[in-house]
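Data first, discussion second: the structure below is written as structure tokens.
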Amino acid sequence: MGEIGWFPLYIVKIENNLSQDTIYITCRFDGRTIEEAQPNHVNSTLIFAYKSSLLAFSKLKCTFEWPKDKIAHIEAFIDYRVWVKKHCGDRHCNWKAADDGIYLYNFKQNMYNKVTNWTKID
């Protein structure tokens, strides 16, 4: 399963599962912006692939902005095997934005678990 040389390959997917509306997603990997306010239309998916680094615990942090004056922040991926097994259950971290919050799919549990609610922007 997905290895490049000695380093495992991880896949992060973020799906817009809102009933309507486009959301805007900005993601940063270790502080470097890799997706700047990327529009994610209803039923579309952003996909990122990462090679593991044995030297550091890299983090992918994403901000979701919903035109209905709502925002959510997540740590979408941490390059640490224990974190991946606990939260994702596999080498794929599948996220979805829904009307009531942000969810992460756990392959071992075979279900989406709610991670955070939307926060109203004043």
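Side notes on the structure shown:
- Screening Asp69, Asp100 for residues that are of a type in the set (D, E, K, R), surrounded by fewer than 14 Cβ atoms within 10 Å (Cβ to Cβ) and closer than 17 Å to Thr26 by Cβ leaves exactly one candidate, Asp69.
- Residues that are modelled with pLDDT under 80 and assigned to a loop (DSSP other than H, G, I, E, B) are absent from the stretch 18-28 altogether.
- The residues listed here are Ala98, Ala72, Ala76; of these, the one that is in contact with a strand residue (DSSP E or B) (Cβ under 6 Å, 6 or more places away or on another chain), touching a residue at least 60 places away in the same chain (Cβ under 8 Å) and among the aliphatic types (A, V, I, L, M) is Ala76.
- You will find that of Ala56, Ala49, the residue that is in a strand (DSSP E or B), surrounded by fewer than 18 Cβ atoms within 10 Å (Cβ to Cβ) and at pLDDT below 85 is Ala49 and no other.
- The lone criterion from (1) among the aliphatic types (A, V, I, L, M); (2) over 11 Å from the mean Cα position of the chain (by Cα); (3) closer than 21 Å to Gln20 by Cβ left unmet by Leu46 is number (2).
- Trp118 hydrophobic (A, V, I, L, M, F, W, C), closer than 14 Å to Asn16 by Cβ, over 12 Å from the mean Cα position of the chain (by Cα) and at pLDDT 85 or above: yes
- For Phe107, the conditions (1) buried (at least 16 other Cβ atoms within 10 Å of the Cβ); (2) over 27 Å from Ile121 (Cα atoms); (3) modelled with pLDDT of 85 or more are fulfilled apart from (1).
The values are calculated or read from the model by the stated rules, or taken from the named source; none is laboratory data. Bear in mind the structure is a predicted one, so any value in this text is a computation, not a measurement. Note that each Cβ is placed from the backbone with ideal geometry, even for glycine, and that neighbours are counted across all protein chains shown.
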